[in-house]
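These notes are about the structure you will find just below.
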Amino acid sequence: MSQIVRPYEPGDRDSLIALEAELFGSDAWSPEVFTLELQHPFSHYLVLEDGPAVVGYGGVRVPVPAAPGDIQTLAIYPDYRRAGWARRILNELVGYATAKGVPELLLEVRADNPAAHALYESVGFREIARRPNYYQPDGVDAIVMRLTLTTPEGDGQ
Ligand SMILES: CC(C)(COP(=O)(O)OP(=O)(O)OC[C@H]1O[C@@H](n2cnc3c(N)ncnc32)[C@H](O)[C@@H]1OP(=O)(O)O)[C@@H](O)C(=O)NCCC(=O)NCCS
């Protein structure tokens, strides 16, 4: 009830790095890679905050208006799951990309992550390809998903 979704601020960085390691395990970005990701000029990140604690986050990369954007990551601390927070963050990231004139969003999800797959399907992403053995060392396939966006003018493709 006191949780809010708000834009990422530089002071959130250490919390996100700690959450990333805890929630993604062997797939987690290193602190160095995540720091570069958060500082990247094309990145847009949102955090879920509960009081002083950051308990979730999600980010999108929007390079230039005519090129596809990428949902980079999305994670919610277990105590806060199944309450709609990931869908809320995802919808806000989609709205941000749409406002920037991005024609479509892409993402990769592990084939053994049915929760994330269902989440992305629930907001309209559809599978377009598989990358065999993409996630190492587990040898798990990546499912590539795409969401076609509608521009604010309604002439999206
Ligand atoms: C995947 C994850 C982000 C979902 O977060 P969440 O806040 O619990 O998701 P939401 O409550 O917004 O759920 C939205 C929809 O996603 C689907 N979903 C979410 N968790 C699910 C689960 N455990 N099983 C099946 N479907 C699930 C459902 O369709 C759900 O809608 P519903 O609750 O109306 O049925 C969260 O489980 C997580 O952080 N997992 C670890 C990190 C991760 O895998 N991130 C994705 C990387 S690609």
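Every read-out reported here was derived from the displayed coordinates using simple, explicitly stated rules and does not represent laboratory data. Since this is a predicted model, take the numbers as computed values, not measurements. So basically every Cβ, Gly included, is an ideal-geometry build from the backbone, and we count neighbours across all protein chains shown.
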Revision key, fill the gap. Scoring only Lys, Arg, Asp and Glu (+1, +1, -1, -1) among other residues with Cβ under 15 Å from the Cβ of G51 yields -3
**Study point:** Spacing of the two label points (7 Å from each Cα toward its C-beta) at N133 and F42, in nm
**Key:** 2.9
Revision key, fill the gap. Cα extents of the chain per principal axis, largest first, Å, are 41, 36, 30
Study note, to complete from the structure: Filtering the chain for DSSP H helices with an axial alpha carbon extent of at least 18 Å and a Kyte-Doolittle mean of at least -0.5 returns 85-99
**Study point:** Leading residue at positive end of dipole, region 20-157 (Cβ point charges), from G101, V64, Y135
**Key:** G101
